[in-house]
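The structure under discussion appears below in the form of C-alpha cells.
The values are calculated or read from the model by the stated rules, or taken from the named source; none is laboratory data. A quick note: this is a predicted structure, and the numbers were derived from the prediction, not measured. Cβ placement follows ideal geometry from the backbone for every residue including glycine, while neighbour counts extend to all protein chains displayed. Heavy atoms of the whole protein, side chains included, go into the accessibility calculation; ligands, DNA and RNA do not. Shrake-Rupley method; radii C 1.70, N 1.55, O 1.52, S 1.80 Å.
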Amino acid sequence: YYQKEGKKLVAYWKYKWFSPLKDNLKFTEMYNEARKQAKIKGNKPYNPDRSAHKFEPVIHKSPITKEEILRKPIVELVKFLIEFEGIDSRHAIFEEKPDKEGLAGELQAAVEENPKKFIDEIDLFNRQGLYRYVSSILLEFRSVLNEGKLLPLGKIFDFSQAYIKQPWFLNEAVKKEGEDSGKGKYIWVIDTIVGLIEDGCRNDKRAFDVKYFPKVKQIFDVILPLLKVEKKIDIQRDVVTYALNTTLGKVIEAYLIFSLRVARATKNKKDNWDNNKYERFFEKGIEAYIWFGRYLPNIRYLNQKYADEKIKLFSEPAMDNYNWQMFMEGYLAGSYMQNSIYSLMRQNYIRAIKNKGLEERADGRLIQHITIGYLREHELLKKRNDNGKDSLFWKMLDGAGTQDKRNRWLEVADFFWSISGRSIKKETKDDDEKPLKERKEKILKFWEWTVNKQNYVKTKLGSDYTSFLGKMAELTLFLDRIDKKTEKWLMLSAPHINKHHNSMFFMEYLTKFEDDKSVKRIGKIFLKVLEGTTPTFKQEDIQLIVKRLYDLGKKDLDVKKDADDICNTYGRRGIHFLKDLFYEHQQNVK
C-alpha cells in the first residue's frame, strides 16, 4: 500500500516504526534517514498510540490444602484422589469451585515440602485413575533433585517402570491429557521420567550411581513400544525444536545422554551399541534422524564404525530425501564442526548444496560449514582442490546464481565478519589473535578475488551485487593498512556500506588506520561513502577521521581539500557536527 503511494509515504511508515527504537544503535541511522526522507518537521519522535488489555491469572482451587494432604496417611490420600470428581476444569475457572488441576497443584506443593513421605509409599500410587497426580508427583521429584537434594532413585525408577508397564497406562494417559496428548505423541509422565534420567546424567559430579544403569536401560526398553509417532510431518519450526518437544524426541535425547554417561563411567563403549540400541529408534520416527545428526560427534565417540557407516548410507541417492533432510538439518544445528567429520560428510554436503528443501537456518549453517572448510584448507578458491576433487566452496558459490541461492554470497561475507569479533576493541589482553593470523589471509584472498573477478560475481548476483559489496566493506576490520590495492577494494564497496545499515561499523574501522598513507586514502574513500549515505553515528569516530585528514592536510593540500569537501557535504545536507572542525582549520588558509 505504502509503496503504491510513493517513497515519501514509505519513509513516513519507516519513521513511525523506527521512532520507538531510535536510541538503539542498530536503528538510529535508519530513523534519521527515514525522518529526513519523510520531511518531518520538529525534533519530536512519533508517539504511537498505546493500548493495554488486562488478563486475570487462571487460578484452580483445591478441595484440600497442602497441610491437609501432608496430615493424611498415603492410603487415605490415594483413596481421596481416586474418589474426588471435582468440577470440569473449564467451568472451575469461572465458578471458582475445586477441580483436579487445583488438587494436583496442592499435591505437588506437598511433595516439595516432604518428598520422603511420598517416596516411602510410592507403590500405593500405582493405581488406575491417578495419572494426573502421578505426573505431578514425579515432576516434583525432578524439581527436588535439581535443587541438589538426595532422593532414593532406585525406588523412583522401580515405580516408574512398574507404572508405565500397566496395561491401562497408555489409554489413561491419552484420555487424561486429551488433545494435549497429540493422540499419544506427547505423554507427560514419560517426559518426566526420561527428564529425571537425563538430569541425573548430564553432570558427572551429581549423576546417579552406576548401580542404577540396568534399571534405566530396562525403563527405555519398556517405554519405546508405547510411543505413538508420525513418520512424516509438516514442521512449522526448526527440526531441533520439534524433536525437543515430542515424547519420542525427549526419549531419544535422554537415551543418548544416558549412553554417554555410561561410557564415561564404565570406560566401556560396546560395539553392539548400534544394533541393539540406537537403530531401533529409526523405525519409530523422524526424531531419530534429527538427533543422529545433532549428536553425530557424540555417537562417533560411542561407536565410530557405526556412525561412519551411517554417514555413508545417508549420502547415497537411495536414501529417502525426507529422512536425509531431517538428519542434515539436525547435523547443521550443531555448534561445532569437527575436521574428521567434515571429510566424512563430504557427499552429504554436496547433496545439501543442490537441495532446495533445507530450512533457511539450516542452509545458513551449511554455508558456514563449507566456509570453515575453506578457512581450514579443506577447500580451495578454484574449481578443483589439489587432490582433484571438486572444491565445495567453489561449487557452493558457483551454484548460487539463482534468486533463491544468491544470498549465499552475502552469508559468506557475513560469516567472515562474524568470526572477527566485529569490533576493533579487544575484550582482554589475550583476545583471540587467530583470525588475524591464520584466517585473515584466506579472507583477504577471497575479497581480492571478488574484486578481480567483478564480472563473474556480477553475473552470479545480478541486482544483489551492490548489497554484496556493502557486506564486503565490513571486512575492512581485517586490513592492517590501506595501500593502493586495498584502496581499490574499499572504493568499490564504500558507496554501498549502508545497504545493511552497518555504516557505523565501517566508520569505526576507518579509525584504526593512523599511518599517513592510509589516512590519505581514507579521504577519497570517505567521499565515496557520501555518494551513497551520510553517516551520523558515531559522531566521535567521524570527527576523529576528519581531524586526522586535517592534520595530514597541513602538509598535503589534496588531503585538506578532501577534508573540506567532506565537511561541506555534511553542511549542505543539514548536518553540522563537523562545523567547528571545518572552521578551526580554515584560519591559516590564505
Within segment 109-148, take every residue that is within 29 Å of Asn203 (Cβ to Cβ) and basic (Lys, Arg) and give me the one that is surrounded by the most Cβ atoms within 10 Å (Cβ to Cβ).
Arg142
Which of the following residues is closer than 30 Å to Asn24 by Cβ and crowded, with 20+ Cβ neighbours inside 10 Å: Ile545, Ile482, Ile575?
Ile545
Which one of Asn502, Asn498 is modelled with pLDDT under 95 and in contact with a Pro (Cβ under 9 Å, 6 or more places away or on another chain)?
Asn498
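Does Arg71 fit the bill of being more than 30 Å from Glu177 (Cβ to Cβ), modelled with pLDDT of 95 or more and open to solvent by 40 Å² or more (accessible area, probe 1.4 Å)? Break it down stepwise before answering.
Numbers: more than 30 Å from Glu177 (Cβ to Cβ): yes; modelled with pLDDT of 95 or more: yes; open to solvent by 40 Å² or more (accessible area, probe 1.4 Å): yes.
In short, yes.
Only one residue in Lys211, Lys232 is within 23 Å of Ile286 (Cβ to Cβ) and open to solvent by 70 Å² or more (accessible area, probe 1.4 Å), so which one is that?
Details: Lys211 fails: within 23 Å of Ile286 (Cβ to Cβ).
Lys232 is the lone residue from the list that is within 23 Å of Ile286 (Cβ to Cβ) and open to solvent by 70 Å² or more (accessible area, probe 1.4 Å).
Quick one: which helices (runs of 4 or more DSSP H) lie wholly within segment 358-422 and hold at least 1 residues that are within 17 Å of Lys460 (Cβ to Cβ), polar (S, T, N, Q) and out of contact with any Leu (no Cβ under 7 Å at 6 or more places or on another chain)?
Helices (runs of 4 or more DSSP H) meeting the threshold: 360-375, 407-418.
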Hey, can you tell me all the residues within segment 528-540 that are at pLDDT 95 or above, in contact with a helix residue (DSSP H, G or I) (Cβ under 8 Å, 6 or more places away or on another chain) and more than 15 Å from Ala473 (Cβ to Cβ)?
Thr534
All-but-one check, Phe513 against (1) modelled with pLDDT of 95 or more; (2) aromatic (Phe, Trp, Tyr); (3) within 20 Å of Thr486 (Cα to Cα); (4) open to solvent by 30 Å² or more (accessible area, probe 1.4 Å), failing number (4)
Asn568 being modelled with pLDDT under 95 and over 17 Å from Tyr509 (Cβ atoms):
no
Output the number of the condition that Asp541 fails; it satisfies all remaining conditions of (1) outside any helix (DSSP H, G or I); (2) closer than 23 Å to Arg572 by Cα.
(1)
Scan (1) in contact (Cβ under 8 Å) with a residue 60 or more places away in the chain; (2) part of a helix (DSSP H, G or I) for the single condition Lys560 breaks and write down its number.
(1)
What number of residues in segment 318-354 are outside any helix (DSSP H, G or I) and either touching a residue at least 12 places away in the same chain (Cβ under 8 Å) or within 19 Å of Lys405 (Cβ to Cβ) (or both)?
6
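Quick one: in segment 490-533, of everything that is β-branched (Val, Ile, Thr) and without any contact (Cβ under 8 Å) to a residue 40 or more places away in the chain, which residue is nearest to Asp562 (Cα to Cα)? Break it down into steps so the answer makes sense when it comes.
Within segment 490-533, the first condition is being β-branched (Val, Ile, Thr), and the residues that meet it are 497, 511, 519, 522, 525, 529, 533.
Add one more test, that the residue is without any contact (Cβ under 8 Å) to a residue 40 or more places away in the chain, and what stays is 497, 529.
On the way: Ile497: 19, Val529: 13 Å.
In this case the residue turns out to be Val529.
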